[in-house]
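Have a look at the structure below, then the notes.
Throughout, read-outs are computed from the coordinates displayed, never taken from laboratory work. For clarity, every value in this text was computed on a predicted model and none was experimentally measured. Please note: Cβ atoms are built from the backbone with ideal geometry, for glycine as well, and neighbour counts cover all protein chains shown.
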């Protein structure tokens, strides 16, 4: 089964990290927090953003980026599982095929990932398209967009596709036809 790791390198905004934790909980992704963080892990804004999902996800803390890479060395001969999200490349996140175990790395909200790391891994850098005049998409939104592309490529393994209403039932599916001349 596919294993997705979402790696936040030195996140600064607790609400973003809380929202990302919720994304991890509902998708089964592992959340990696690379220190130093810009907030205390017991921050009420962090807890509020993640709501009641904190006990439903796996969080791994790393002292720094070197400690993270030491804990997950890329296996020799295996496909490199690391992808670096940045606005500083031309390769789209949808242009790559993600391996069975995938690590998506995201940098600080104010600085992104270190440019030396990006320069050392140009073939692993990907971006989410956006308007040229704007700096970047919100971190928690970027993580969700990227995570669901990886999950889509693996046919949403382990996730439910069926939704249920609490107080009503769906009508049987009937084909719909439209007469555009009446619109």
Name the residue, out of 67, 116, that is loosely packed, with under 15 Cβ neighbours inside 10 Å and over 26 Å from residue 15 (Cβ atoms). 116
Looking across segment 27-43 at residues that are assigned to a loop (DSSP other than H, G, I, E, B) and in contact (Cβ under 8 Å) with a residue 40 or more places away in the chain, the single one that is surrounded by the most Cβ atoms within 10 Å (Cβ to Cβ) is 29
Within segment 115-156, which residues are in contact (Cβ under 8 Å) with a residue 24 or more places away in the chain, over 22 Å from residue 19 (Cα atoms) and part of a loop (DSSP other than H, G, I, E, B)? 121, 154
Taking segment 92-113 and keeping only residues that are crowded, with 16+ Cβ neighbours inside 10 Å, in contact with a helix residue (DSSP H, G or I) (Cβ under 8 Å, 6 or more places away or on another chain) and part of a loop (DSSP other than H, G, I, E, B), one is left with 98, 109
Pairs needed: first member in segment 1-23, on the phi > 0 side of the Ramachandran plot; second member anywhere, buried (at least 22 other Cβ atoms within 10 Å of the Cβ) and assigned to a strand (DSSP E or B); C-beta distance under 7 Å; at least 6 residues apart or different chains. 10/34
